[in-house]
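The values are calculated or read from the model by the stated rules, or taken from the named source; none is laboratory data. Not measured: the values here are computed from a predicted model. Using ideal geometry, Cβ is built from the backbone for each residue, glycine included, and neighbour counts are taken over all protein chains shown. The area values use the complete protein model at the heavy-atom level, side chains included, leaving out ligands, DNA and RNA. Shrake-Rupley method; radii C 1.70, N 1.55, O 1.52, S 1.80 Å.
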Amino acid sequence: MMNKEGKNSMDTSKYVRYTSEQVEALERVYSECPKPSSLRRQQLIRECPILSNIEPKQIKVWFQNRRCREKQRKEASRLQTVNRKLTAMNKLLMEENDRLQKQVSQLVYENGYMRQQLQNASVATTDTSCESVVTSGQHQHNPTPQHPLRDASPAGLLSIAEETLAEFLLKATGTAVDWVQMPGMKPGPDSIGIVAISHSCTGVAARACGLVGLEPTKVAEILKDRPSWLRDCRCLDVLTAFPTGNGGTIELLYMQTYAPTTLASARDFWTLRYTTVLEDGSLVVCERSLNSTQGGPSMPPVPHFVRAEMLPSGYLIRPCEGGGSIIRIVDHMDLEPWSVPEVLRPLYESSTILAQKMTIAALRRLRQIAQEVTGEVVFGWGRQPAVLRTFSQRLSRGFNEAVNGFTDDGWSSMGSDGVEDVTIVINSSPSKLVGSQVNSSNGLTTLGGGILCAKASMLLQNVPPALLVRFLREHRSEWADCSMDAYSAAALKASPYCLPGSRAGGFSGSQVILPLAHTVEHEEFLEVIKLEGHGLTQEEAVLSRDMFLLQLCSGIDESAAGACAQLVFAPIDESFADDAPLLPSGFRVIPLESRTVSAGANRTLDLASALEVGSTGSRASGDSGANSNLRSVLTIAFQFTYENHLRENVAAMARQYVRSVVASVQRVAMALAPSRLNPHIGPRPPPGTPEALTLARWICHSYRLHLGVDLLPADCEASDALLKMLWHHSDAIMCCSLKSLPVFTFANQAGLDMLETTLVALQDISLDKILDENGRKSLCTDFAQIMQQGYAYLPAGICVSSMGRPVSYDRAIAWKVLNDEESTHCVVFMFMSWSFM
């Protein structure tokens, strides 16, 4: 008992009560250094007389407690933020649930009505007046809307605005459109929002509900500035604006949007936008097209643009308790799909594509800016978020301008060489595109010159757009010519440049990706590509500094339905100034919704066979055996500068280069087409070359020689059967050369899937790149055993695919392969029970 009392007395004597002056002095030190060292604490006691009666150990305890309180305060603040977000999300979900219940009630009513009509029709089959009765009932159920004629006066425009507001609110909160959840979009506190697309309505429509950490007025300001976040928006002009009597604002807008490919016309919109505040304090921005049906002012057609219609759309922004906003977005458009080739119509008839390009893009921009305001987003290279966003916009806009080639920007067509696969357009007044960015010292201004763009489009099958673009990003050497990169970069240098020629020895450098910035959900990356040792000649490449590209990569998430995948890049100077000149080139792959076709699998098709507008296209007989194939449209555009006296040479060079890039992409696309995309598509066949057949025989023979057992069934003797079974073996089998830097020379299907590469790109992967640090260390000892004993068992470990994904395996076997002369040809690695982590 005495011991317990003594212990309590001792604990009480250690408690120190600090005065306000002492706490103030300690807080000043804490603000400068939350975790001072022992020497710093002793120095503090010496320099602060008011702390002289406190032991250094007690000072240490005070700082520990202070850090703990700070941590608890931050955690409490974080939990309060999460709680407010969950409360708002719960409210949003309850409202969505109420809307769905109303929709169910309406469907039940309509179902009962249709049942009654069918019963009446069956009872009155002998009545000649039955048809008129049923028809009359149908017309009563679906009345044709009648709009009164209105003029362009403020009163007439206000009438249109109020009607637009009512229709928009029915879509945003009611059952005016049959909404279904968008594939791949799951609601939750960390999701971007609740995204739905129309099931059946005029045109295409998408709807989203979400939470953003911005005030309603800021949200409206961002969303109304459409060119800043909608990459397809070329321009948005406010032609007229006037206030209304109820405190709102009416604006007449003219908007132009880019065409996604070279094979379709751009769209424009003539709309009325109405901004007002509802009785409950919600801010509304709604918009619709003005045409002869609604009345109001009209705008004549603009050449080279197809006038599309925006049906009542907009934003409903409600302030959220504790800060932030709850937002509902509705996008509803009729994009006039009749005006494009039939093969491209899914791009204009898909609500999923509209949701990805417009509705979700708006939510992502709001979320990005909200996190930038709170400092949650970290950017590299000391650049401000606004500067990096400007770089991304300039790259995307420059690529869109190249793809569309508008005449009012100075673009004009150039004669072809007799083959229409590549289109060449030139711009002799590049200042309209890049202004003062073009370096006058390169001769474009003084000697005369401009910009030349070579572009092409094609249809791809059975290749996910995200996978193809990711491969093009990671394996630039598979399609790019470093001499062309050097030629493009020469426009940024003061010295004159010459046309690239053939290079002896095929000198080439390496590629290094330097991350610069990414969006919150990692759906878009801005990065700098460092091309080491590139030049127009081998001597220049060795002596010159490295070359740099600014690159924008987006849409490489395979799970995002309807997302466009894009890779856009432009050469930049090593100074990388904020106003650096950019001349973007790149690739865009847009998925088409699956459609039943009879074309063969794993084949890249030419789009020229389906360019007849309005044609139905030829259909092969026997639809029962057709496959539902994944299709996408690939658009390629490359820009080059030229001097007038070299224009024809640059055009010929650009045309040939784009054709070579197209051939490379077709080869890559055919190799990447995965068998898992469609259960009806068989697995890819093994390479049937004589070398592959011989290698398969050597691999199996060496395995039996070293390990005493058969790798494949003993009854399999024919070379083609051996290769087929080796190719489809469940374990990853890879052949590695015996050079000083071992590289892979062959892999079966499982090996290619494990490395996430193709047979074409396999030889660019060295053995040390896929092994982790432990694997590289053990390989030194294992390799000696392999060469001495002929084989070695490797323990479980982790390796890395060519895409950077970790792969685990339970065990592995390595053995050396002997040729017919019994000399060592290569080493084979077989990874068993592997899986992505």
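Things to note:
- Residue that is more than 13 Å from residue 16 (Cβ to Cβ) and surrounded by fewer than 13 Cβ atoms within 10 Å (Cβ to Cβ), where the choices are 71, 57: 71
- Breaking point among (1) under 30 Å from residue 159 (Cα atoms); (2) in contact with a strand residue (DSSP E or B) (Cβ under 6 Å, 6 or more places away or on another chain), for residue 212: (1)
Here is a yes/no grid of residues against (1) in a loop (DSSP other than H, G, I, E, B); (2) open to solvent by 20 Å² or more (accessible area, probe 1.4 Å); (3) modelled with pLDDT of 50 or more; (4) more than 30 Å from residue 645 (Cβ to Cβ):
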| position | (1), (2), (3), (4) |
| --- | --- |
| 435 | no, yes, no, no |
| 441 | no, yes, no, no |
| 470 | no, yes, yes, yes |
| 477 | no, yes, yes, yes |
| 488 | no, yes, yes, no |
| 499 | yes, yes, yes, no |
| 512 | no, yes, yes, yes |
| 516 | no, no, yes, yes |
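- For the stretch 784-816, the set of residues classified as over 30 Å from residue 513 (Cβ atoms) and either in contact (Cβ under 8 Å) with a residue 40 or more places away in the chain or not assigned by the TED database to the domain that holds residue 827 (or both) consists of 786, 789, 790, 791, 813, 815, 816, listed by residue number.
- Within the stretch 35-53, residues that are free of Cβ contacts under 8 Å to residues at least 60 places away in the same chain have Cβ atoms under 7 Å from residues that are among the acidic types (Asp, Glu) in these pairs: 50/21, counting only partners at least 6 apart in sequence or on another chain.
- Restricted to the stretch 728-745, and to residues there that are open to solvent by less than 20 Å² (accessible area, probe 1.4 Å) and within 33 Å of the chain's Cα centre (by Cα), the residue that is modelled with the lowest pLDDT is 744.
- Residue check for residue 346: in the same structural domain as residue 194 (by the TED database), of a type outside the set (D, E, K, R) and in contact (Cβ under 8 Å) with a residue 60 or more places away in the chain: yes
- The residue list 25, 76 contains one member that is surrounded by 13 or more Cβ atoms within 10 Å (Cβ to Cβ) and out of contact with any strand residue (DSSP E or B) (no Cβ under 8 Å at 6 or more places or on another chain), which is 25.
- Among the residues listed as 273, 318, the single one being in a strand (DSSP E or B), modelled with pLDDT of 95 or more and assigned by the TED database to the domain that holds residue 359: 273
- Residue check for residue 789: at pLDDT below 85 and either over 23 Å from residue 833 (Cβ atoms) or in contact with a strand residue (DSSP E or B) (Cβ under 7 Å, 6 or more places away or on another chain) (or both): no
- Residue check, residue 240 in contact with a strand residue (DSSP E or B) (Cβ under 9 Å, 6 or more places away or on another chain), surrounded by fewer than 22 Cβ atoms within 10 Å (Cβ to Cβ) and over 30 Å from residue 409 (Cα atoms): no
- Unmet requirement for residue 650, which otherwise passes all of (1) modelled with pLDDT under 85; (2) in contact with a strand residue (DSSP E or B) (Cβ under 8 Å, 6 or more places away or on another chain): (1)
- The set of residues in the stretch 179-190 being open to solvent by 30 Å² or more (accessible area, probe 1.4 Å), modelled with pLDDT under 85 and either under 19 Å from the mean Cα position of the chain (by Cα) or not polar (S, T, N, Q) (or both) consists of 183, 184, 185, 186, 187, 189, 190.
- Meets criteria (at pLDDT 80 or above and part of a loop (DSSP other than H, G, I, E, B)) for residue 715: no
- Condition met for residue 166 (touching a strand residue (DSSP E or B) at 6+ places or on another chain (Cβ under 6 Å), at pLDDT 90 or above and not β-branched (Val, Ile, Thr)): no
- You will find that of 766, 778, the residue that is surrounded by fewer than 20 Cβ atoms within 10 Å (Cβ to Cβ), within 27 Å of residue 478 (Cα to Cα) and small (Gly, Ala, Ser) is 766 and no other.
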